[in-house]
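Here's the structure, in structure tokens; my notes come after.
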Amino acid sequence: MTDKVQIIGLMSGTSKDGLDIALVSFDISSKEYSFDLISYSTVCYPSELLDQLNQIETLSARKIFELDKKIGLFYAQEVNRFIEIYHIDKVNITAIASHGQTIFHQPTLGFSTQIGCGTSLAFHTGIKVINDFRNKDILAGGQGAPLVPIGDDLLFKNTAHSFLNIGGFTNISFKREDKMVAFDISPGNIPLNLMANKYDLEYDHEGKIAKSGVLDEVLLSHFNDLSYYNEIAPKSLGTEWLEAEFLPLMEHYNTASAVMRTLVEHEAIQIAKVLNEENLSSVFVTGGGAKNKFLMERLQYYYTGEIIIPAPAIIDYKEAIIFAFLGLRYLMGKPNTNPQATGARKEVISGVLHMP
């Protein structure tokens, strides 16, 4: 492997708001990793695939396997289009590192399932693929999540004292006594987007609808009283928890704007609680929630430290960059998980390789 390695990272989060594609060049000539984000793009799922993903709990096993193949083909088509649009020489791409689309996350039962067939992706692009990054960590006793902290530590450590990503869920990573700690804090964009859908919008731009709403103190209390917030890390959230425990609290409301206003307050309170209790003086915020100005305002209201918002490309593509990095570590034969973050018994080289 040469000192400069180019890997395409693919990321699609639980909010299903699009497939992030990032071509990243890594310099591995020294112990201190560095990277350049060369090209990047986001594409939406076709409506047919999105409809099936949104109904995943009702699909038969046969339909889920069929959807796995369809999403793998969709990923391959979009990667090939990305390579063509940005005039990328495929010969220079070492691998594709694909997160896949999470449909089930049940680490206590021993599994986490991401679909988006790696074999199909490798075959149709002609590029080797690494995917299924979570299950070996689960076999080692971990949550299989979060996986991003190793990238926060090795790629972004000089930017802030902690790292917050607000995607479908909100997760954080930081160092405590020289050990990386990471966990899911709360829901993120999923419930907010569901409420925005009531206005025929995909999301609430800059949090303007939420800001116009009236805070519901009773609903806020119900949110804050959920038992998850008293659990000790490592811990992680999945859509199963959201649907069973969180979303039912939102079913009885006067206006969607009031629910959105209350959701923002709840998330800001829970995030700030962690930041303040851990005495973290700065936080580096990425993911779609970083663009929610009202959420950032409410977070700053409760948080005593500095909120750092990076360049838009990093906000949108940090997770794709880090999954490319996890693929790099796999290819180098180096651990790409952090047991302090996931709760595993040991670090592992996680992932499954698919040759074209």
Self-check item: Which listed residue, of Ala272, Ala233, Ala258, Ala244, is surrounded by fewer than 21 Cβ atoms within 10 Å (Cβ to Cβ), in the same structural domain as Ser186 (by TED's automatic domain parsing) and touching a Ser or Thr at 6+ places or on another chain (Cβ under 9 Å)
Solution: Ala272
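Quick one: in region 233-251, of everything that is in a helix (DSSP H, G or I) and of a type in the set (A, V, I, L, M), which residue is nearest to Leu147 (Cα to Cα)? Walk me through it before giving the result.
Filtering region 233-251 down to residues in a helix (DSSP H, G or I) leaves 239-250.
Within this subset, residues satisfying the condition of being of a type in the set (A, V, I, L, M) are 242, 244, 247, 249-250.
On the way: Leu242: 20, Ala244: 24, Leu247: 25, Leu249: 29, Met250: 30 Å.
Applying the filter and picking the extreme gives Leu242.
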Exercise. Please name all residue pairs, on different chains or six or more residues apart, with Cβ atoms under 7 Å, provided the first residue is in region 214-230 and is more than 20 Å from Ile185 (Cα to Cα) and the second residue is hydrophobic (A, V, I, L, M, F, W, C).
Key: Val214/Ala258; Asp216/Ala258
Quiz item: Phe174 versus (1) aromatic (Phe, Trp, Tyr); (2) in contact with a helix residue (DSSP H, G or I) (Cβ under 6 Å, 6 or more places away or on another chain); (3) not in a loop (DSSP other than H, G, I, E, B): which is the lone unmet condition?
Solution: (2)
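Being modelled with pLDDT of 95 or more and in a loop (DSSP other than H, G, I, E, B) narrows it down to one residue among Asn276, Asn254, Asn336; which is it? Give the steps one after another, and end with the answer.
On the way: Asn276 fails: in a loop (DSSP other than H, G, I, E, B); Asn254 fails: modelled with pLDDT of 95 or more.
None of the other options fit; the residue is Asn336.
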Quiz item: Out of all the residues in region 299-333, which are free of Cβ contacts under 8 Å to residues at least 40 places away in the same chain and under 22 Å from the mean Cα position of the chain (by Cα)?
Solution: Leu299, Ile307, Ile309, Ala311, Pro312, Ile315
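Scan region 211-219 and give yes if some residue there is surrounded by 15 or more Cβ atoms within 10 Å (Cβ to Cβ) and closer than 28 Å to Thr102 by Cα, otherwise no. So that I can check it myself, show each step before the final result.
Step one: list which residues in region 211-219 are surrounded by 15 or more Cβ atoms within 10 Å (Cβ to Cβ), which gives 211, 213, 216, 219.
Those still in the list that are closer than 28 Å to Thr102 by Cα too: none.
No: region 211-219 contains no residue that is surrounded by 15 or more Cβ atoms within 10 Å (Cβ to Cβ) and closer than 28 Å to Thr102 by Cα.
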Practice problem: Identify, by number, the condition in (1) of a type in the set (Asp, Glu); (2) under 26 Å from Asp137 (Cα atoms); (3) buried (at least 23 other Cβ atoms within 10 Å of the Cβ) that Glu265 doesn't meet. | Solution: (2)
Practice problem: Note down all Cβ pairs under 9 Å where the first residue falls in region 341-356 and is without any contact (Cβ under 8 Å) to a residue 60 or more places away in the chain and surrounded by fewer than 18 Cβ atoms within 10 Å (Cβ to Cβ), the second is among the basic types (Lys, Arg) and not in a loop (DSSP other than H, G, I, E, B), and they're at least six residues apart or on different chains. | Solution: none
Quiz item: Can you pull out the residues in region 325-339 that are buried (at least 19 other Cβ atoms within 10 Å of the Cβ) and of a type outside the set (Gly, Ala, Ser)?
Solution: Phe325, Leu326, Leu328, Arg329, Tyr330, Leu331, Asn336, Thr337, Asn338, Pro339
Quiz item: Given the residues Leu139, Leu164, which is the only one that is of a type in the set (A, V, I, L, M) and either out of contact with any strand residue (DSSP E or B) (no Cβ under 6 Å at 6 or more places or on another chain) or modelled with pLDDT under 95 (or both)?
Solution: Leu139
Practice problem: Select from region 278-302 the residues that are of a type in the set (A, V, I, L, M) and closer than 27 Å to Asp20 by Cα and list them in ascending order. | Solution: Val283, Val285, Ala290, Leu295, Met296, Leu299
Quiz item: Restricting attention to region 165-175, does a residue exist that is of a type in the set (Gly, Ala, Ser) and free of Cβ contacts under 8 Å to residues at least 40 places away in the same chain?
Solution: no
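The values are calculated or read from the model by the stated rules, or taken from the named source; none is laboratory data. Quantities reported herein were computed from a predicted structural model and do not represent experimental measurements. Cβ sites come from the backbone with ideal geometry, for glycine too, and all protein chains shown count toward neighbours.
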